[in-house]
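Q: Sharing a structure, written as structure tokens. Questions coming.
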Amino acid sequence: MNLANIIDPHPDDSVALVWQGRPTTYGELRRRAAGLRGGLSALGVGSGDRVALLLSNKPAFVETYLAVLGLGAVAVPLNATDPAAVFADEVATVGASVVVVGRVAQAAWTAVDPAAVPSVRHVVSVNGLAGAESLDDLAGHEPVPVADLEPEHLAVLLFTSGTAGAPKAAMLSHRNLLSNLSQGELSPDRFRRDDVVYGILPLNHIFGLNVVLAQTLAKGGSIVLVQRFDPATALDTIRDRKVTIIPGAPPMWTAWAAMPADPTAFASVRLALTGAAKMPEDAMADLRRKFGVVLREGYGLTEAAPVVTTSTGIEPRPGSVGKALDGVELRLVGPDGDDVLDGDSGEIWVRGPNVFLGYWNDPAATARVLTPDGWLKTGDVATVDAEGYLYLVDRAKDLIIVSGFNVYPAEVESALGDHPAVAEAAVIGVPHPHTGEAVKAYVVLRPGASADEEQLIDHCHELLARYKCPSKVLVVDELPHGLGGKLLRRALR
């Protein structure tokens, strides 16, 4: 078994990727991936070695991802827009031996102190970074065949705030990823060979990685890779490329919902998907009224590779994220550990071959979310109706979702607390028209210290991914605490 084999069955001249108008066929993609396997192997990359991908939505990501998996190595896709401190922390955490750097990440990576990432033996550059190996040169090596692996062989490490709080690296096996592709096969709205998929979701996010990328390549369809989203330009691309499937996070769909009506804008689109965060029902209604788009909402998480429920192949219901995929077991569990009564709300527990192996080098965090018999405790709360439609009513305590990405307040509070002027910080999520939620911080300064909002936000930019940084910081005299001294974020809401 090897996920890298998903590109093998398709004709050489079929288009796999489109980037800035240039197509890459399946034949070209297979040749590049095979050459890169040879090049990475020549650098000493072998089974189980971690390779960090600091790459954006470009063909280089796809080629390198498939090459790494094909060797039996472990791909570690990172957010290419992160600051140097985040790169250093994540690369060191997984012990990556090779880092592949694209143009977007180049400046931040060069700011990383080599002493902070002692495991790194080679840096590979897409754009001619001084002192680095060239990705094109590596792709010119003699091809190396795809390794045949055990199903539970580790394929990907994805950093997620997930169900366990602070960011951890979730371990996904080849079986996890491939099973989630097959679990949607019974849907009449499944991906097809003639599909053209709009690839705006970041490939370092599980939605982009295993729904957009892997699902499309497994079926032999084409992906139009897009790096930045602009609502008007996107509509031109959708028309010109005759896009048939658009998977997107809610902020993208709400941006379109606010635009003037145009019943022809999505004429070629047969499947419109959303997930990663709750989609506003009024925006869904506007999309149907203005554009004739019936949005299919689903639910998933990184630890489930990712899809748990979907509205594809069934009649969508307002407020519901659909039904469980074939092969996915789902329970709603109360505080006592027993299944809740019909109609009551409970924590979503998931079990199936798509459920992850655990968190990298963190058995305690793994034990908090995986039961001995394989159930994943998601931390999300829902109800289910008599026909199996799931309705989310709450989510993991204190979690903030910004453009589909999880942000835990404790991580942001810790970053603010590192500022010498800050005595204490509290962070909550607030509604935002474009990103769903935004991070808002309250800080108490040390006696005699001074710091303004701009200074504190800039400080966070040095330590955190941009989407995790506060967009608003208020300096207050004190923060609310309970009798035991626990910070009461609910009082700030």
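The values are calculated or read from the model by the stated rules, or taken from the named source; none is laboratory data. Every value quoted in this text rests on a predicted model; they were computed, and no experiment measured them. Glycine also receives a Cβ, built like all others from the backbone with ideal geometry; neighbour counts cover every protein chain displayed.
Q: Which residues, counting only those in segment 90-102, are surrounded by fewer than 19 Cβ atoms within 10 Å (Cβ to Cβ) and farther than 18 Å from residue 465 by Cβ?
A: 95, the sole residue that qualifies.
Q: Next up: Just the residues that are modelled with pLDDT of 95 or more and not hydrophobic (A, V, I, L, M, F, W, C), please, taken from segment 327-361.
A: Listed by number, the residues that qualify are 329, 331, 351, 352, 353, 354, 358, 359, 361.
Listed here are the residues, each with its yes/no results for (1) touching a residue at least 60 places away in the same chain (Cβ under 8 Å); (2) touching a Phe, Trp or Tyr at 6+ places or on another chain (Cβ under 8 Å); (3) closer than 16 Å to residue 430 by Cα.
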{"position": "442", "(1), (2), (3)": "no, no, yes"}
{"position": "448", "(1), (2), (3)": "no, no, no"}
{"position": "456", "(1), (2), (3)": "no, no, no"}
{"position": "459", "(1), (2), (3)": "no, no, no"}
{"position": "463", "(1), (2), (3)": "yes, no, no"}
{"position": "469", "(1), (2), (3)": "no, no, yes"}
{"position": "477", "(1), (2), (3)": "no, no, no"}
{"position": "480", "(1), (2), (3)": "no, no, no"}
{"position": "489", "(1), (2), (3)": "yes, no, yes"}
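Q: Across segment 297-352, what is the total count of residues that are closer than 21 Å to residue 367 by Cβ, over 22 Å from the mean Cα position of the chain (by Cα) and outside any strand (DSSP E or B)?
A: Of the residues in segment 297-352, 5 are closer than 21 Å to residue 367 by Cβ, over 22 Å from the mean Cα position of the chain (by Cα) and outside any strand (DSSP E or B).
Q: To continue, here is another question. Answer yes or no as to whether residue 419 is assigned to a loop (DSSP other than H, G, I, E, B) and touching a helix residue (DSSP H, G or I) at 6+ places or on another chain (Cβ under 8 Å).
A: Here the answer is yes, as residue 419 does meet what is asked.
Q: Let me ask you something else. Is it the case that residue 284 is of a type in the set (A, V, I, L, M), within 19 Å of the chain's Cα centre (by Cα), in a helix (DSSP H, G or I) and surrounded by 15 or more Cβ atoms within 10 Å (Cβ to Cβ)?
A: No.
Q: Then there is this: Condition first: closer than 20 Å to residue 400 by Cβ and in a loop (DSSP other than H, G, I, E, B). Now tell me which residues in segment 423-453 satisfy that.
A: Result: 433, 434, 435.
Q: Answer yes if at least one residue in segment 347-355 is among the basic types (Lys, Arg) and farther than 21 Å from residue 151 by Cα, and no otherwise.
A: No, segment 347-355 contains no residue that is among the basic types (Lys, Arg) and farther than 21 Å from residue 151 by Cα.
Q: How many of the residues making up segment 110-154 are under 22 Å from residue 63 (Cα atoms), of a type outside the set (Ser, Thr, Tyr), surrounded by 16 or more Cβ atoms within 10 Å (Cβ to Cβ) and in contact with a strand residue (DSSP E or B) (Cβ under 9 Å, 6 or more places away or on another chain)?
A: 13
Q: Still on this structure, please answer the following. Return the residues of segment 368-409 that are in contact with a helix residue (DSSP H, G or I) (Cβ under 8 Å, 6 or more places away or on another chain) and free of Cβ contacts under 8 Å to residues at least 40 places away in the same chain; say none if nothing qualifies.
A: Hit for segment 368-409 is 400, nothing else.
Q: Can you tell which of 479, 474, 456 is more than 27 Å from residue 249 (Cα to Cα) and part of a loop (DSSP other than H, G, I, E, B)?
A: 479
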